[in-house]
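Novice: Pasting a structure below so you can have a look.
Only the coordinates and a few stated rules stand behind these numbers; no lab work does. Quantities reported herein were computed from a predicted structural model and do not represent experimental measurements. Because the Cβ atoms are built from the backbone with ideal geometry, glycine has one as well, and the counts that use them run over all protein chains shown.
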Amino acid sequence: MFEIDPNSQANIDQIVTRHLHLSLAVDFDAKILRGSATLDLEAISDNVEKVVLDTNHLNVSGSFIVNKDGQEQALKTDDSIRHPVFGTALSISLPNALNKGESAKVKIDYETTSESGALQFLTPEQTLGKNHPYLFTQCQAIHARSLAPCQDSPGIKITYSADIKAPNPLRALMSAISVGSEEAGDHTIYKFSQKTTMPSYLLAIVCGNIVKADISDRCAVWTEPENIDACAWEFAEMEKSLKIAEDLLTPYSWGRYDLLVLPPSFPYGGMENPCLTFVTPTLIAGDRSLTDVVGHEISHSWSGNLVTTKNWEHFWLNEGWTTFFERKIVGRLEGEDARQLSSVIGNNDLKSAVEFFGTSNPLTALVPKLDGIDPDDAFSSVPYDKGYNLLYYLEQLLGGPEVFEPYMREYIKEFQGKSITTDDWKEFLFKYFENTCPEKVEVLNKVDWEHWLYKPGMPPVENEFDTRPQQVCIDLANKWLGAKDSGDYSGFSESDITNFSTMQKVIFLTRLQDSAPLPAVLLKNLDSFYSLTNSRNSEVRFSWLSLALKSNFEQVFDAVVDMLSTQGRMKFTRPLYRLLDACPDGKALTKETFLKNRNFYHPICSRLIQRDLGL
Ligand SMILES: CCCCC/C=C\C[C@@H](O)/C=C/C=C/C=C\[C@@H](O)CCCC(=O)O
Ligand SMILES: [Zn+2]
C-alpha cells in the first residue's frame, strides 16, 4: 500500500488488473448505480493471498471468485482499513495463493451511494431540456473508486467492457466504443467495449436525454437536443484538429473521437475520457473562439491517455505535454502568433497559481510529493504551464521544432501503453539525443534540472515569448491607463477590440488587472465601449468580471452572481468566489450565493469552494 502510488491503497506491487467488466443499472430515483464489477487479475509476484482494491463510499454486498465454469464462490473480505482521503481498502482473500503469472477472476456486487464523489445526478430543472434527469461522472484524479471497486492508480492499465441499464428514453454512453444495445421492457441495456488499455481515471459514464450530430466518419457531437445545432456548429472543425495532431504525432488509435457537451455544472473545461471527451458548455461562444480546449483534449489521446503518469506526482507529464501539443495545434490552425499569445496567457496563469499557493509552497513544484494529499487539492495550472514552459525551453535549447518534433513522436512511440515517471521521461530524453545528436547532451547537462523539477515557485529560466502579437493589447491597456490619469475617455470606441482574438482580449484585460484597483469611471467606460458584461464569450466575461472585482466595482455584482449561478466550471467559479469574498461589501453575497448554488455544482467543485471560502 502506498509504496508505488501515494494516493492508492491497492496492492498493485503484487497483483494487477488486466480487464474490468461493469454491469450496472442507473437508478435515478435512488440516485445510485447498482450491479457488479468483475476484475480479471494477474499476480506479478509469488504467493499472493489477497487482492486489495480501492473503494470510496460504496456499499459492497459480496465478493466472489468466478471459477472457469462460471461458478461463483463467496470470499472473505476485510474493509476495516479506512483512510479519510483515499477511502476504504477492500481486502479480498483469495481461496488459494497465486504465484507470478497466475490469474483469477473476482466479482464484487455493490452499489454506489449519495457520497460517491465521481457521480453527479442532475434533476430535470438542472438540465437544458428540463424534462429528464441526467447523470455524469468525473473520475480524475481518484474518484473512480467511488464508481467501482478497482485498483485506482494511473500506474495500472486495463481494458474494460460494460453493460449499462438505463430507463427509456434516456441513453447511456461511456469512454469506450458502443457495441450494441438490447431492449429490457421500459429500460435499455447499452453495451460498451474499450480494447485499448487505459488507467481507471478514464472510466466515464453519462446517462441522459442526449442526441448525436456527426462531424466526420469518426467524430460526432453529443448533447441534449435543445443545443445540438449550436454545438455541432461550434465544433465543426474538430476533425481538422484531430488530423493535425495525427500528423504531429502518430495515428489516432482509439477508434472514435466523440465530444459530449454537458450541462453547465460540469466542473472542468474538458475531460479527456477516451472515445468521448466531456466538455463544458461554456465553450459555446457562437464564434468557434474557444475550441483550443478541444485541441487540448484531443492531444490527451496521446499524452495522458497513451503515455500516462505512473502516479499523480508526475501529472505534469500528462498536462505539460498535452498543453504543448495543444499549442502546436493552435500554431498550425491559427499561426505562430496565436501559439505565442497562448503561451503568454499560460505564463500568466502560472504566475497566478504560484501567487495563490505561495512561492515556497511545495505544491508549486513541478513534481510535488502527494503523500496523504488529495490530488484535487493539489490541482492548479502548475503542471500545465510550468510543464509547458520546461518543454518550450528544451525545444528552444535543442534547436527548435525541427529538432524537437521528431523527438516528441519517438517519445510517444517509446512509452505508449505504459505509465511512467519523470525519471523515465528524462532518461529517454538523454538517450534519444545521445543516439541522434550527441553534442546536444552537453546542452541537456547544463539544464538546472533540480530547480525545474523539484523546487517550488517560478521556473529558473523565463522563456522569451514573442511580445509582438500582444503589443497591440499592451498599447490599448496603456491608453486606458493614460485616460485614468487624464480623466478623458473620448478617445475610445468599440472598434478598438473588434479585431482582437479572444486571446488578445484576455491579455488586454489581464494587463489592466495588473494595475487594479482601477477607478469606477474607467470601468464604466470600458464596459460601455466594449460591452464586456454581456459578452457571450465566457473567457472574456470572466477576465472582465475579475478585473472589476479586483477594483471593488459593485455594479458587476449581479453579473458575477449570474455567472456563478449559471455554470459550475471551477476555472471560473473558484476565482470569482474568492474575488467577490475579498470585496468589502461582497462577503454576505458570497456566502448567500454559494449556499444557494452548492447543490447545483459538482461535488468536487462544492468541496473546493467551501474550502477556499473557509465555510
Ligand atoms: C501535480 C499534482 C496535482 C495532481 C492533480 C491531478 C488531478 C487533479 C484532479 O482535480 C483532476 C483534474 C482534471 C482536470 C480536467 C481538465 C482540465 O484540463 C481543465 C483545466 C481548467 C479548465 O479549463 O476548466
Ligand atoms: Zn489536460
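Novice: Taking the Cα centroid of segment 9-44 and of segment 505-562, what is the distance between the two, rounded to the nearest whole Å?
Specialist: Each part reduced to its Cα centre gives a spacing of 47 Å.
Novice: Related question: At a temperature of 20 °C and a viscosity of 1.002 mPa s, determine how fast segment 470-613 diffuses translationally according to Stokes-Einstein, using the Kirkwood radius over alpha-carbon pairs as Rh; express D in µm²/s, rounded to the nearest whole number. Display every interim value, and only then the final one.
Specialist: Working: Rh = 15.7 Å.
Estimated via Stokes-Einstein, D reaches 136 µm²/s.
Novice: A further question follows. Considering only C-alpha atoms, what is the centroid distance from segment 80-95 to segment 127-205, in Å?
Specialist: 23 Å
Novice: Over all directions, average the projected area of the Cα convex hull of segment 560-613 and note it in nm². Spell out each step's value before the answer.
Specialist: Values: hull surface 12.2 nm².
Averaged projected hull area, Cα only: 3.1 nm².
Novice: Please check which bits of segment 260-294 a label hung off Ser565 would reach, taking the label as a point 7 Å along Cα-to-C-beta and the cut-off as backbone N under 17 Å.
Specialist: Those under the cut-off are 264-265.
Novice: If I take every Cα pair under 8 Å that is 6 or more residues apart in segment 314-370, average their sequence separation and divide by the length, what percent do I get for the relative contact order? Don't skip to the end; give the middle numbers.
Specialist: On the way: 23 pairs, mean separation 18.1, N = 57.
For segment 314-370, the relative contact order is 32 percent.
Novice: Another question, then. So, counting K/R as plus one and D/E as minus one, what does the shell of residues with Cβ under 13 Å around Asn463 add up to?
Specialist: Summing Lys/Arg as +1 and Asp/Glu as -1 gives -1.
Novice: Scan the chain and report its longest stretch carrying no trypsin sites (Lys or Arg not before Pro) that are both in a DSSP loop and have at most 16 other Cβ atoms within 10 Å.
Specialist: Longest run free of exposed loop sites: 447-535.
Novice: List the aspartates and glutamates whose Cα lies under 18 Å from the Cα of Lys591, skipping any in the same chain that are fewer than 8 positions away.
Specialist: Glu554, Asp558, Asp562, Asp581, Asp612
Novice: Relative contact order for segment 307-454 using alpha-carbon pairs under 8 Å, separation at least 6, rounded to a whole percent?
Specialist: Result for segment 307-454 is 34 percent.
Novice: Over segment 1-149, what is the relative contact order in whole percent, taking alpha-carbon pairs under 8 Å and six or more residues apart?
Specialist: On the way: 336 pairs, mean separation 39.3, N = 149.
Value for segment 1-149: 26 percent.
Novice: When the convex hull of the Cα atoms of the chain is projected onto a plane and the area is averaged over all directions, what value comes out in nm²?
Specialist: Result: 27.9 nm².
Novice: So, one more: What's the exposure ranking of Val179, Val48, going from fewest to most Cβ atoms within 10 Å?
Specialist: Numbers: Val179 12, Val48 21.
If I rank by nearby Cβ atoms, fewest first, I get Val179, Val48.
Novice: By the gyration tensor of its Cα atoms, with a ≥ b ≥ c the square roots of the eigenvalues, what is the shape of segment 90-143: rounded for a/c under 1.5, prolate for a/b over b/c, or oblate?
Specialist: Values: a/c = 3.75, a/b = 3.31, b/c = 1.13.
Judged from the Cα gyration tensor, segment 90-143 comes out prolate (a/c at least 1.5, a/b above b/c).
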